[in-house]
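First comes the structure, then the notes that go with it.
The values are calculated or read from the model by the stated rules, or taken from the named source; none is laboratory data. Computed from a predicted model, the values in this text were never measured in an experiment. Heads up, the Cβs are rebuilt from the backbone with ideal geometry, glycines too, and the neighbour counts pull from every protein chain shown. These accessible areas exclude ligands, DNA and RNA; they are computed on the full protein's heavy atoms, side chains included. Shrake-Rupley method; radii C 1.70, N 1.55, O 1.52, S 1.80 Å.
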Amino acid sequence: MNWLLPNPFLHTWKIAPEHIDHYHHVNNVAYVKQLEVTSWAHSNHLGLTIEQYQEIDRGMAISRHEINYLAAAHEGDVIDCATWIVSCDSKIKLSRQFQFIRRRDKATLLTAKTDFVCIELSTGLPKRMPKAFSSVYGPACISATPEPK
């Protein structure tokens, strides 16, 4: 695969009928959901779960999405969804980059960047990233950050 950055975390997405919209391709809302699914799969892979977030009353809330839709996906397509943590200040902010590639023709369908802010789950207010987050997300951060195409 022609990944924008090295060593992606990969999550597979098979396009099902419920992902298809009235234009007969994957709806943009399904892509946004898959960004979330891929993020959580990566966090779980790194050893952080929603239960741990809830236990320490902290979470990473989205503050900004930047999504580039480059080509359409259709029912039955298999998509390799890649993510990288591209910045982590180990204080309050973290950013992920994404690239979705269709397996059958290796076409990049989507690139995206999502910015997160650490919050206290019980209040929704920004709070410093706990050591449990910074010690996992910080080392997982890669250094190079080309802009999404």
Quick one: which residue in Tyr53, Tyr23 is part of a loop (DSSP other than H, G, I, E, B) and either farther than 21 Å from Ala107 by Cα or of a type in the set (Ser, Thr, Tyr) (or both)? Tyr23
How many of the residues in the range 4-26 are within 16 Å of Leu70 (Cβ to Cβ), open to solvent by less than 80 Å² (accessible area, probe 1.4 Å) and not β-branched (Val, Ile, Thr)? 3
For the range 29-57, pairs from a residue that is closer than 19 Å to Lys131 by Cβ to a residue that is open to solvent by 40 Å² or more (accessible area, probe 1.4 Å) and assigned to a loop (DSSP other than H, G, I, E, B), with Cβ under 7 Å and 6 or more apart or across chains, are Tyr53/Leu121; Gln54/Leu121; Asp57/Leu121; Asp57/Ser122
Hey, among Val29, Val37, which residue is in a helix (DSSP H, G or I) and either open to solvent by 80 Å² or more (accessible area, probe 1.4 Å) or at pLDDT below 95 (or both)? Val29
Hey, Arg96 part of a strand (DSSP E or B), in contact with a Ser or Thr (Cβ under 8 Å, 6 or more places away or on another chain) and open to solvent by 10 Å² or more (accessible area, probe 1.4 Å) or not: no
From the options Ile142, Ile119, Ile101, residue that is touching a residue at least 40 places away in the same chain (Cβ under 8 Å), out of contact with any helix residue (DSSP H, G or I) (no Cβ under 9 Å at 6 or more places or on another chain), surrounded by 18 or more Cβ atoms within 10 Å (Cβ to Cβ) and farther than 21 Å from Gln34 by Cα: Ile119
For residues in the range 49-67 being charged (D, E, K, R) and more than 16 Å from Leu125 (Cβ to Cβ), which is most open to solvent (accessible area, probe 1.4 Å)? Glu55
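Could you run through the range 67-93 and say how many residues are of a type outside the set (Asp, Glu), within 16 Å of Ala16 (Cα to Cα) and in a strand (DSSP E or B)?
3
For the range 99-119, give me the residue count where each residue is part of a strand (DSSP E or B) and either of a type in the set (Asp, Glu) or closer than 23 Å to Ile79 by Cα (or both).
12
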Of the numbered conditions (1) open to solvent by less than 60 Å² (accessible area, probe 1.4 Å); (2) in contact with a Pro (Cβ under 7 Å, 6 or more places away or on another chain), Thr114 fails exactly one; give the number of that condition. (2)
